[in-house]
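Notes for the one structure printed next.
The values are calculated or read from the model by the stated rules, or taken from the named source; none is laboratory data. If you're wondering where the values come from, they're calculated on a predicted model, not measured in any experiment. Here the Cβ is made from the backbone with ideal geometry for all residues, glycine too, and neighbour counts use every protein chain on show. In case anyone asks, the SASA skips ligands and DNA or RNA and just uses the protein heavy atoms, side chains included. Shrake-Rupley method; radii C 1.70, N 1.55, O 1.52, S 1.80 Å.
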Amino acid sequence: MKDHFTMDSPQPRLLDETKQGVIGTPMDRPDGPRKVSGTADYTADHTPEGVAHGVLVRATIKRGRVTGMDRDAALAIDGVIDVITDPRMTRNPAQGMAGEAPVQPGDAVHYHGQPIALVVAESFEAARDAAQRLSVEYETEDAAVTPETTPDLETADPETAGDFDTAWSGADVRIDRAYTTPSQAAAAMEPHAAIAEWQGDTVTLRSALQMVRFNKDELADTLGIEPSQVRILAPFVGGGFGSKLGLGPEAAAAAIAAQKLGRPVRVVMSRQTVFDSVLRRSETAQRVRLGATKDGRITAISHDDRVSNLDGEGFAEPVSQASQFLYGADGLSFTQTLARIAATPAGSVRAPGEAVGMLAFEAAMDELADTLGMDPLDLRLKNLPEKHPMDGRPYSARRLADCLTDGAQRFGWSDRWQAGTRREGDWLIGIGMASAARSNMLVRSAARMRLTGDRATVETDMTDIGTGTYAILAQVAAEMLGLPPAQVDVRLGDSDLPGASGSGGSFGANSAGSAVFLAARKLRAEIAARLGCDVETLTLQDGRARGDNREAALTDLVPEEILAEATIEKGETAESHFSSGFGAHFAEVAVNEWTGEIRVRRMLGVMAMGRILNEKTARSQALGGMIWGIGAALTEEMQNDPRDGHVVTRDLANYHVPAHADVPGDMQVVFLEERDDWANPIQTKGIGELGISGAGAAVINAVAHATGKRAYDFPILPDDMVALFEA
Ligand code: MOS
């Protein structure tokens, strides 16, 4: 039973009819006990029989060519087996959903930190020692390592609607501001790792990866073999945030070394290597122009940006993504410039675009409200467009106004005071808010379900990168089949299973979840046929099937395994409607007027993101995003040395993610009930990235409210704040 479904029209809300009481509940993760007991098998936990250990050697020049290596000295170190260079080795991870080999640079060096060789030894320690001591000769070239200094700028044609210039020049009130955000690191807890093992001409790769279906093609293309010769296993992944979307250089190197040496090879990146060679979020320079009438109707919106990347990388941080659909205006204009530089390449990092674009855009909205003498909440409510301002599509489901007003009420927004007028000792107190938005997608996904009696199995190559996929897929299957979730086994992260979207762009739950739903729907039809009832009347609950006055236990109806597979693809609804998650973020901060220290005191996110599949994992995602919002506003900053481009902040002591002490105890998340009928057959929308999108802006706006001073370069560090006080 194979089903191919295209999302061309709204589907019945079956998950509201099934009555098993599983969907949406805050069910614990079934994989939780394995994680806390250390028995979940993350990549680096494996040490297959006969494994050799590889450590990547990184280039120490910004651009040029490797002309020699003192292999003999390295090989003289006890336990060292080989120093491997190979034309198939890769320069950096593949971009998300590339499905083909990343750049294979040969002996060319394109950035400081680029992997240039793999030292393999009997022990990790010997390999690391030799990799660090390996003497490499280079021919060096000059290259710009910062966007400010490169002549290599690619400016895209503006994306426009209406006539921005006329609207701008005719506006009563104008805001024209420049902002900067630094590079950010995904900083997933589990460093990148790969173990490769060959059997004949097929390779099995265990690796920390988000998108197995795409990664399989990337490895095959990298090695010059067929995808059918590749199997990838990623049952547990310790966080990704985009950094594990594409096949990494450690995986290519492990596969190449394992083939050459005829034994398994394990390559685990050090944290420093992760910072050096895993895709960063681009730094941005942004200009936001907002024009409005005196009474606060926005007439002109422009958001221009400059981002960077390495030559040969197709990705450019889509900074103005949300600015293009949040508010309406008579004229809108968006122009992006991509600067080519010789530094760690850039790629998708959690909520690419919105995460940093909304910092600037929603800060500019706040300043426009100030200038108009208007409440920032009212300014937003007044300017919600009827339709997508750029392409005229209707929104599928948009509860932005409800999120704003509900959040304002819960947060006590109406008590807002004059900026810079409330203090507690040396601390100035302020509150701020921002809209949240993150566009929603459906990506082709397949899943298979097996049912024997009252036990079911879900099989898909979908990954769980810490988000709760094991939980939600069990819940969808259990709800549909009327089984307790404990009677559903979920098998993930194996490329031999039906290919799903993988985890990325917050589309995993929608896409893989819909595939599981459709496969389960097939099983329901088969169960109804066996019971002799119309599937419309079928109720499955607690292992029993009922319908048309018949009733039977699943163990009697399905004595032997039945199986169904389904594939879902986006269709006409993706053209006819625009789908996005929406929300509102609120923050309260205290700013020390002497030290410039900024403490977030409480945060509230109110979000409408379609049907919630698991209240606990959804909340956890939203909270994680909001915490990253604090990081983007106040702490996180990757720094490159402007002389050679090397990453200076190469560990979690120097790259400051918010620590527990930076996160207030009072972090509230509220989900407003929503069904997105145009998004997919389970009426869900993406969750993970909505939490971060706009969260940092609420913090930044709260700082401006507390102090009456505005920063334009983020994060706002204590010395930046002191400088603002002194200005
Ligand atoms: Mo996400 S940045 O697409 O993992």
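Structure values in brief
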{"quantity": "Karplus 3J(HN,Hα) series, Hz, for the stretch 597-612 with 6.51 cos²θ - 1.76 cosθ + 1.60 (x for Gly, Pro)", "calculated": "5, 10, 10, 7, 9, 7, 9, 9, x, 10, 9, 10, 9, x, 5, 8"}
{"quantity": "Within the chain: Cβ-based charge dipole about Cα centre, in debye rounded to nearest 20 (Lys, Arg +1; Asp, Glu -1)", "calculated": "1080 debye"}
{"quantity": "DSSP bridge orientation in the chain - percent antiparallel, rounded to nearest 5", "calculated": "75 percent"}
{"quantity": "Positive-end residue of Phe507, Ala185, Leu247, charge dipole of the chain with Cβ unit charges", "calculated": "Phe507"}
{"quantity": "Span per principal axis, largest first, for the Cα atoms of the stretch 148-255 (Å)", "calculated": "71, 30, 29"}
{"quantity": "Area of Asp330 that stays accessible when all protein chains are in place (1.4 Å probe, Å², to 10)", "calculated": "80 Å²"}
{"quantity": "Contour minus Cα-Cα distance for Ala486 and Glu597 (0.36 nm per residue)", "calculated": "35.2 nm"}
{"quantity": "Area of Arg287 that stays accessible when all protein chains are in place (1.4 Å probe, Å², to 10)", "calculated": "100 Å²"}
{"quantity": "Listed residues Thr47, Gly64, Gln20: farthest to the positive end of the dipole of the stretch 1-70 (Cβ charges)", "calculated": "Gly64"}
{"quantity": "Virtual spin-label span in nm between Arg423 and Gln132, 7 Å along Cα→Cβ", "calculated": "5.0 nm"}
{"quantity": "Heavy-atom SASA rank of Arg491, Arg448, Arg71 (probe 1.4 Å, accessible area, largest first)", "calculated": "Arg491, Arg71, Arg448"}
{"quantity": "Cross-link pairs beyond the 24 Å C-alpha cut-off, checked among Lys19/Lys570; Lys216/Lys522; Lys2/Lys570; Lys387/Lys616; Lys382/Lys616; Lys244/Lys685", "calculated": "Lys19/Lys570; Lys216/Lys522; Lys387/Lys616; Lys382/Lys616"}
{"quantity": "Where labels lie 7 Å past Cα in the beta-carbon direction, separation of Asn549 and Glu159 in nm", "calculated": "5.9 nm"}
{"quantity": "For the stretch 548-619, alpha-carbon Rg over 2.2 N^0.38 Å", "calculated": "2.21"}
{"quantity": "Per-residue ³J(HN,Hα) for the stretch 7-12, Karplus 6.51 cos²θ - 1.76 cosθ + 1.60, θ = phi - 60°, Hz, x for Gly and Pro", "calculated": "7, 9, 7, x, 10, x"}
{"quantity": "Additional length obtainable on full extension of the chain from Thr337 to Arg393, 0.36 nm per residue less Cα span", "calculated": "17.5 nm"}
{"quantity": "Cβ-Cβ FRET estimate between Leu381 and Ala76, R0 fixed at 60 Å, reported to 0.05", "calculated": "0.25"}
{"quantity": "DSSP bridge orientation in the stretch 266-378 - percent antiparallel, rounded to nearest 5", "calculated": "45 percent"}
{"quantity": "Cα gyration tensor shape for the chain, rounded if a/c is under 1.5, else prolate or oblate", "calculated": "oblate"}
{"quantity": "R0 of 35 Å, Cβ-Cβ distance Ser576-Glu615: FRET efficiency to nearest 0.05", "calculated": "0.70"}
{"quantity": "Under 5 Å, built H, 5+ apart or other chain: amide partners of Thr25", "calculated": "Glu615"}
{"quantity": "Potential extension, Met189-Asp719 segment - 0.36 nm per residue separation minus Cα distance", "calculated": "187.9 nm"}
{"quantity": "Nearest-10 value in Å² for the accessible area of Met97, using the 1.4 Å probe", "calculated": "80 Å²"}
{"quantity": "Built amide H within the under 5 Å cut-off of His646, gap 5+", "calculated": "Asp641"}
{"quantity": "The chain: relative contact order as a whole-number percent, Cα under 8 Å and 6+ apart", "calculated": "18 percent"}
{"quantity": "Debye-sum result for the stretch 213-334 in log10 I(q)/I(0), which assumes one identical scatterer on each alpha carbon, at q = 0.09, 0.21 Å⁻¹", "calculated": "-0.45, -1.25"}
{"quantity": "Among Ala653, Ala322, Gly466 - extreme Cα towards positive end, dipole of the chain, charges at beta-carbon", "calculated": "Gly466"}
{"quantity": "Long-range amide H partners of Met374 with built H, under 5 Å", "calculated": "none"}
{"quantity": "Estimated [θ] at 222 nm from DSSP helical runs (n ≥ 4, -39500 (n - 2.57)) normalised by residues in the chain, nearest 500", "calculated": "-7500 deg cm²/dmol"}
{"quantity": "Karplus-derived HN-Hα couplings along the stretch 448-454 (A = 6.51, B = -1.76, C = 1.60, θ = phi - 60°), whole Hz, x at Gly and Pro", "calculated": "10, 10, 10, 9, 10, x, 10"}
